[in-house]
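The values are calculated or read from the model by the stated rules, or taken from the named source; none is laboratory data. Only a predicted model underlies this, so the values are computations on that prediction, with no experimental measurement involved. Ideal geometry is used to build each Cβ from the backbone, glycine not excepted, and the neighbour counts take in all protein chains shown.
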Amino acid sequence: MRIEGIPASPGYAEGPLFDLDQPPASYKAKASSDEEQAALVSAIGKAVGRLAALIETANGDAAGILEFHIAMLEDDALSGPALSAIGSGQPADAAWRAALDSEIASYETSDQDYFRARAADLRDIRDQVLRALSEDSEAATPPGAILYGDDIAPTRFLETDWSKGGGIALRRGSTASHVAMLARSRGVPMVVGLGDEGETRTGVALLDAERGAIVFSPSPAEIEAFRQSASTFADRQGAARTFLTEPAVTKAGTAVRVQVNIAYPSDVDGIEIESCDGVGLMRTEFLFGKTVPDEETQYRAYRNVLEWAGDKPVTIRTVDAGGDKPVPGFTVEETNPFLGLRGIRLSLKRRDIFRVQIRALLRAAIHGNLKVMFPMIATPEEYSQAAALFAEEQAALAAQGVAHRLPPLGIMVEVPSVALAPEAFADVAFFSIGSNDLTQYVMAAARDNAAVAHLNSVRNPAVLRLIAAVTAFGRERGIPVSLCGDAGGDPAAIPALLEAGLRDLSVAPAQLAMAKAAIADVAV
Amino acid sequence: MSASAEATVLITHAVGLHARPSVKFTKLAKSFAAEVEVAVAANGPWFDAKSIVKVMAAKAPKGTMLHIRAKGDGSTQAVKALVDLVQRDFDEDADHARSA
């Protein structure tokens, strides 16, 4: 029985299932409300003490999370409602649970992923105190187990001994949770979003956190196939580390440029510039999170990344809002947003906003090796209109005596019309293939729809043929071609991409080493 | 007449005034005697800046204009110090920006 989920931290685990949702031991009511209140206060103190002890052995990320939990527990605003409920006759455990559940509910209804993910922290805080109240510690996790449940508490993660293997499989959960972050940094395999399948599961299970799946009651054949995948994964990972700092070269000695994709300017803090060939895609949607950012904010963000990269290229994509990335006050509501007013279409419609970004880019260009590309280009007119706006703003800055430079202007190749007839775009400075969107448009399968996920493969011959055609056209005309979709960092797709002629890939920073290792294994 | 101060500052930290940033923010607020409050809109609601539970409840993500006001002893210094902290991105690196 195999169930698909979302990989939150890659890896493989085989082991007994451990039920995370066992009810905690019960609490014995006290004689008076004063005693109940004292019991709650002492339980909170005990929980804080345990967390403080955990901090001693925790590293940076984990310690930060624990400090957050302690700060919440020590805040009277958290215990206040529970203490007054006890005063009006409730037992300590019920009062605390009710108070925390109402806090948790307000987090769960937030429209921001990050804030919603904090609900798991609040549940953890709630359960730590309930545990201290009942004075009965929960059953310890057996070493090497696969922790299975709705969600997992950060302290549960930290208290678990991961040295014997094991993993985490969640029916709900989030890739943005604190535990997901910890799991990635510790290399603990984790899958979220497995969904309810209505059965209690026991026995041995196989967790494939590379593809995102769990197998219950596996057959001998499934176990054998799983162990094979797990062992090649371990080999690849071990080998990959040695590749990180080296330039990427195939088995046949062909050099391949490997750049990184970044979403936030601060992403670069964790990357050694020596380990990559530049930034192949810097998204700018982040700046447009809640409001439209001013020129100065954008200029500073672009300049920071350019200065970090030194003389290596930084390719910044103009704002790709719309589609699955709405921005209040900028994007429009549509019934079919992936086929609607997104990317360059929206920027050309809202030129006031686009011009601000253009000015910020022109000014930032003097601080490094900037290239700029436009998303969702479908016709040559869109490119020339966007390029004309750059020329206009450049002239305006020159007239004002503001330091600036016109960067090379390229386009994303993600709409099939461009991939099919690239000759219409012979005057662009470079092509960057956006494999995620190109694939969804060629296959008519929305990226965000799990029901058609099997169709969304960059390795479909039709998609690969388009990639090969664009690459060949670029080579013939001397137009550089790179690829910046998820496929670029996928070891399973890399051979096909190199065979299609690509020699320039841009990948998520966490995939750099694995991508270089996969490249070294290709014989082109 | 008691001293008071007020300022607004743009939250540029990737995850906003959440979790670890809010720990630092409330710790700093608590180091001042003045009464300090924050809001995500000029007309409130105002939250006690010394309570992490309240500050988290303000739900201030990246890109929020955070309003800070203080009353009483050292209110000017308190507002200035908190604005500085927000502008320094809470002295954090990108570690959990990525996880967000």
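Beta carbons closer than 6 Å, at least 6 apart along the sequence or on distinct chains, pair a first residue in segment A:501-513 that is of a type in the set (S, T, N, Q) with a second that is in a loop (DSSP other than H, G, I, E, B) for A:Ser506/A:Cys484. Restricting attention to segment A:63-80 and to residues that are part of a helix (DSSP H, G or I) and facing chain B (nearest Cβ under 7 Å), the residue that is nearest to A:Trp96 (Cα to Cα) turns out to be A:Leu78. Contact map, segment B:46-62: residues that are closer than 17 Å to B:Ala14 by Cβ and facing chain A (nearest Cβ under 9 Å) paired with residues that are buried (at least 20 other Cβ atoms within 10 Å of the Cβ) and polar (S, T, N, Q), Cβ distance under 8 Å, separation 6+ or inter-chain. Pairs shown: B:Met56/B:Ser22; B:Lys62/B:Thr12.
State whether the residues of segment A:19-35 include one that is in contact with a strand residue (DSSP E or B) (Cβ under 9 Å, 6 or more places away or on another chain), at pLDDT 85 or above and away from every other protein chain (no Cβ under 14 Å). Checking segment A:19-35: at least one residue is in contact with a strand residue (DSSP E or B) (Cβ under 9 Å, 6 or more places away or on another chain), at pLDDT 85 or above and away from every other protein chain (no Cβ under 14 Å). For segment A:238-263, the set of residues classified as surrounded by fewer than 21 Cβ atoms within 10 Å (Cβ to Cβ) and either of a type outside the set (A, V, I, L, M) or within 14 Å of chain B (Cβ to nearest Cβ) (or both) consists of A:Gly238, A:Arg241, A:Thr242, A:Thr245, A:Glu246, A:Pro247, A:Thr250, A:Lys251, A:Gly253, A:Thr254, A:Arg257, A:Ala263, listed by residue number. Checking segment A:176-188 against the condition returns no match, with no residue being modelled with pLDDT of 90 or more and of a type in the set (Ser, Thr, Tyr). Residues of segment A:264-298 that are of a type outside the set (D, E, K, R), within 9 Å of another protein chain (Cβ to nearest Cβ) and assigned to a helix (DSSP H, G or I): A:Pro265, A:Ser266, A:Val268, A:Gly270, A:Phe286, A:Leu287, A:Phe288, A:Thr297.
The rows are residues; the columns are (1) in the same structural domain as A:Asn336 (by TED's automatic domain parsing); (2) without any contact (Cβ under 8 Å) to a residue 40 or more places away in the chain; (3) under 25 Å from A:Gly501 (Cα atoms); (4) not in a helix (DSSP H, G or I).
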| residue | (1), (2), (3), (4) |
| --- | --- |
| A:Gln394 | yes, yes, no, no |
| A:Ala403 | yes, no, no, yes |
| A:Asp437 | yes, no, yes, no |
| A:Gly474 | yes, no, yes, no |
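In segment A:208-231, the residues that are under 19 Å from A:Gly195 (Cα atoms) never reach a residue that is hydroxyl-bearing (Ser, Thr, Tyr) and assigned to a loop (DSSP other than H, G, I, E, B) with C-beta atoms less than 6 angstrom apart, at least six apart or across chains.
Each row is one residue, and each column tells you yes or no for (1) in contact (Cβ under 8 Å) with a residue 40 or more places away in the chain; (2) of a type outside the set (Ser, Thr, Tyr); (3) farther than 22 Å from A:Pro407 by Cα.
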| site | (1), (2), (3) |
| --- | --- |
| A:Leu306 | yes, yes, no |
| A:Asp320 | yes, yes, no |
| A:Gly329 | no, yes, yes |
| A:Pro337 | no, yes, yes |
| A:Ile344 | yes, yes, no |
| A:Arg359 | yes, yes, no |
| A:Ile366 | no, yes, no |
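When A:Val458, A:Val470 are screened for being aliphatic (A, V, I, L, M), crowded, with 19+ Cβ neighbours inside 10 Å and in a loop (DSSP other than H, G, I, E, B), only A:Val458 passes. For segment A:81-94, filtering for residues that are surrounded by fewer than 22 Cβ atoms within 10 Å (Cβ to Cβ), in contact with a Ser or Thr (Cβ under 9 Å, 6 or more places away or on another chain) and not in a loop (DSSP other than H, G, I, E, B) leaves 2. Is it true that some residue in segment A:242-250 is assigned to a helix (DSSP H, G or I) and outside the structural domain of A:Ile146 (by TED's automatic domain parsing)? Yes, there is a match, as at least one residue in segment A:242-250 is assigned to a helix (DSSP H, G or I) and outside the structural domain of A:Ile146 (by TED's automatic domain parsing).
Report whether or not A:Ile55 is facing chain B (nearest Cβ under 10 Å) and β-branched (Val, Ile, Thr). Taking the combined requirement at face value, the residue does not satisfy it. Annotation note: of A:Ala321, A:Ala301, A:Ala309, the sole residue that is buried (at least 17 other Cβ atoms within 10 Å of the Cβ) and within 11 Å of another protein chain (Cβ to nearest Cβ) is A:Ala301.
Selection over segment A:411-433 of residues that are over 24 Å from the mean Cα position of the chain (by Cα), within 12 Å of A:Val470 (Cβ to Cβ) and of a type in the set (D, E, K, R) gives a count of 1. Can you find a residue in segment A:365-386 that is in a helix (DSSP H, G or I), in the same structural domain as A:Asn261 (by TED's automatic domain parsing), under 27 Å from the mean Cα position of the chain (by Cα) and closer than 23 Å to A:Val481 by Cβ? For segment A:365-386, residues in a helix (DSSP H, G or I), in the same structural domain as A:Asn261 (by TED's automatic domain parsing), under 27 Å from the mean Cα position of the chain (by Cα) and closer than 23 Å to A:Val481 by Cβ: absent. The number of residues in segment A:416-460 being among the hydroxyl-bearing types (Ser, Thr, Tyr) and touching a strand residue (DSSP E or B) at 6+ places or on another chain (Cβ under 8 Å) comes to 2.
Got at least one residue in segment A:328-336 being within 14 Å of another protein chain (Cβ to nearest Cβ), modelled with pLDDT under 95 and in a helix (DSSP H, G or I)? Scanning segment A:328-336, I find no residue that is within 14 Å of another protein chain (Cβ to nearest Cβ), modelled with pLDDT under 95 and in a helix (DSSP H, G or I), so the answer is no. Taken over segment A:95-120, the criterion of being surrounded by 21 or more Cβ atoms within 10 Å (Cβ to Cβ), within 25 Å of the chain's Cα centre (by Cα) and closer than 16 Å to A:Ala77 by Cβ is satisfied by A:Arg118 alone.
Evaluating A:Val260 against the criteria (1) within 30 Å of A:Asp196 (Cα to Cα); (2) of a type in the set (A, V, I, L, M); (3) out of contact with any Lys or Arg (no Cβ under 9 Å at 6 or more places or on another chain) leaves one unmet condition, (1). Just one residue in the set A:Pro265, A:Pro189 is touching a residue at least 24 places away in the same chain (Cβ under 8 Å) and within 30 Å of A:Ala360 (Cα to Cα); that residue is A:Pro265.
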